[in-house]
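See structure below.
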Amino acid sequence: MGFEEKTFLVCDRCGFAVEVAESDCMLDVADKHAGWARAAADKVLCPECAPPYEVMVARHRVEIDDYLNDRT
């Protein structure tokens, strides 16, 4: 009996996982896996968790811009 090794891409928020090729580069996860997004240097989000995160980041950018331009 032999051993089979598999590689999985796992969402750091909910734990959802998909099998990926071992050669997949984690730096371009969004390019190789539709809907997945990088949340930090070592964090990835699945297609279900990525959109709310991206909305939160966009709101934060607006708040920073408003603050820096004295629109608060």
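What to note about this one:
- The figure for Phe16 is an accessible area of roughly 100 square angstrom, using a 1.4 Å probe on the protein chains alone.
- Coordinate range along principal axes, alpha carbons of the chain, Å, largest first: 67, 20, 18
- Solvent-accessible area of Arg59 with every protein chain in place, 1.4 Å probe, in Å² to the nearest 10: 140
- In terms of accessible area, using a 1.4 Å probe and ignoring ligands and nucleic acids, Cys14, Cys49 rank largest first as Cys14, Cys49.
- Note on surface exposure: Met1, Met56 rank Met1, Met56 by accessible area, highest first, 1.4 Å probe.
- Cα-based helix-to-principal-axis angle, 50-68 vs the chain, degrees rounded to 10: 30
- Net dipole in debye of the chain [+1 Lys, Arg Cβ; -1 Asp, Glu Cβ; about Cα centre; nearest 20]: 220
- Positive-end ranking of Thr7, Leu68, Ala50 along the dipole of the chain, with charges on Cβ about the Cα centre, is headed by Leu68.
The values are calculated or read from the model by the stated rules, or taken from the named source; none is laboratory data. What you see is a predicted model; the values in this text were computed from it and never measured. Using ideal geometry, Cβ is built from the backbone for each residue, glycine included, and neighbour counts are taken over all protein chains shown. Side chains included, ligands, DNA and RNA excluded: accessible areas come from the protein's heavy atoms. Shrake-Rupley method; radii C 1.70, N 1.55, O 1.52, S 1.80 Å.
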